[in-house]
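Scroll down for the structure; my scribbles are underneath it.
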Amino acid sequence: MALVSEFLGQLTLSYGGEEEPKFPTVVPARDFDPGRDATRIDTAIKTKGVDEQTVIDILTRRSTEQRREIAFEYERIAKKDLSVALKGALSGPLEALLLGLMKSTAQYDASELKASMKGLGTDEETLIEMVCSRNNEELLEIKRVYREMFKKELDKEVAGDTSGDFAKLLLALVQTKRDEPSNVVDYEKIDEDARCLYEAGVQRKGTDVATWISIMSQRSVPTCRKRYKSYSPYDMKESIRKEVKGDLEKSFLTLVECFENRQLYFANRLNEAMKIYFVAVECFENRQMYFANRLNEAMKGSVCFLTQAL
Ligand SMILES: [Ca+2]
């Protein structure tokens, strides 16, 4: 656990009681020398047992651009790809975290998307989060990087891996047809969108999903969210929960949450992921201890049950 706390501390996710900074906390390192960093990493990797601390110290304290320069220098010095070398030298959560740091945002997203559709079955949660929370500009970059990394078109892969209305919505989003935000607010259009959404959902029997998909995927961030309330007795999220189910419901909800407040959406996801992550770390660092604790808890439960039964 010490190593992970160290890592998170350096990424300045926790401030240990100090006042939260109002400026970016991950900034380029001063006196940066990619050659020196690359050499230190090379030595750390070659050290018997691997000097993990040095690798963490360097990679978590550099900006994305600086890490890219280090990777370039490393390849020149060690004649090896840095990500491949890290993969060989590290393991478990630390390996996953540091390899993630070596990717650009779009590369990371493209890899996550690829992984979510790999093999039999699909990781819908990841697919939904990736496609529904990224804006047009980000999706365009992800599509470009996806093509470059995997020699495949993202929309074809999504279409091959999903079905029904869920597939139609994801495809409509991946095709990035959303209106660009403009300075001129067209109140009539907003009003019409809000009314259409109401008529296609809450007002009628069943749901006209096609209309919901087209408005939610093509309109600029629906300012019609507020207007919607003047037609419908339910707000957008309540309406979605009433009208659709399953992956389609999750996708529409993610879209609305991101329209409302994308930072908050990611903060919530991070919070959930951290909970799962710490269980994984606990389990990874000491499996015996982890299962002993779970067994202990289960035993307490049974003892409690027995006492009551007797
Ligand atoms: Ca309905």
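Once the stretch 195-214 is narrowed to residues that are closer than 21 Å to Ser133 by Cα and surrounded by 14 or more Cβ atoms within 10 Å (Cβ to Cβ), the residue that is farthest from the ligand (Cβ to nearest atom) is Ser214. Of all residues in the stretch 42-70, those that are within 15 Å of Leu101 (Cα to Cα) and of a type in the set (A, V, I, L, M, F, W, C) total 5. Scanning the stretch 69-87 for residues that are in a helix (DSSP H, G or I) and either at positive phi or without any contact (Cβ under 8 Å) to a residue 12 or more places away in the chain (or both) yields a total of 2.
Here is a yes/no grid of residues against (1) over 28 Å from Lys143 (Cα atoms); (2) in a loop (DSSP other than H, G, I, E, B):
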| site | (1), (2) |
| --- | --- |
| Leu173 | no, no |
| Lys177 | no, yes |
| Pro181 | no, yes |
| Ile190 | yes, no |
| Leu197 | yes, no |
| Arg204 | yes, yes |
| Glu238 | yes, no |
| Arg241 | yes, no |
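The selection criterion, being without any contact (Cβ under 8 Å) to a residue 12 or more places away in the chain and of a type in the set (A, V, I, L, M, F, W, C), does not hold for Val209.
Restricting attention to the stretch 123-132, does a residue exist that is surrounded by fewer than 21 Cβ atoms within 10 Å (Cβ to Cβ), outside any helix (DSSP H, G or I) and at pLDDT 90 or above? Checked the stretch 123-132: at least one residue is surrounded by fewer than 21 Cβ atoms within 10 Å (Cβ to Cβ), outside any helix (DSSP H, G or I) and at pLDDT 90 or above. The combined condition, being of a type outside the set (Val, Ile, Thr) and without any contact (Cβ under 8 Å) to a residue 24 or more places away in the chain, is not fulfilled by Asp191. Of all positions in the stretch 149-167, at least one carries a residue that is at pLDDT 95 or above and among the aromatic types (Phe, Trp, Tyr).
Of the listed requirements (1) within 16 Å of the ligand (Cβ to nearest atom); (2) in the same structural domain as Lys118 (by TED's automatic domain parsing), Leu170 misses just one: (1). Within the stretch 232-246, if we keep just the residues that are surrounded by fewer than 21 Cβ atoms within 10 Å (Cβ to Cβ) and more than 11 Å from the ligand (Cβ to nearest atom), the residue that is farthest from Gln203 (Cα to Cα) turns out to be Gly246.
Residue pairs whose Cβ atoms lie under 7 Å apart, separated by 6 or more positions or on different chains, with the first residue in the stretch 36-59 and more than 12 Å from Leu90 (Cα to Cα) and the second in a helix (DSSP H, G or I) and of a type in the set (D, E, K, R), are Ala38/Glu73; Thr54/Arg40; Ile58/Asp37; Ile58/Arg40; Leu59/Arg67.
Residues in the stretch 58-68 that are crowded, with 17+ Cβ neighbours inside 10 Å and either part of a helix (DSSP H, G or I) or in contact with a Leu (Cβ under 7 Å, 6 or more places away or on another chain) (or both): Ile58, Leu59, Thr60, Gln66, Arg67.
The values are calculated or read from the model by the stated rules, or taken from the named source; none is laboratory data. Since this is a predicted model, take the numbers as computed values, not measurements. Counting neighbours? That spans all protein chains shown, and the Cβs are built from the backbone with ideal geometry, glycine included.
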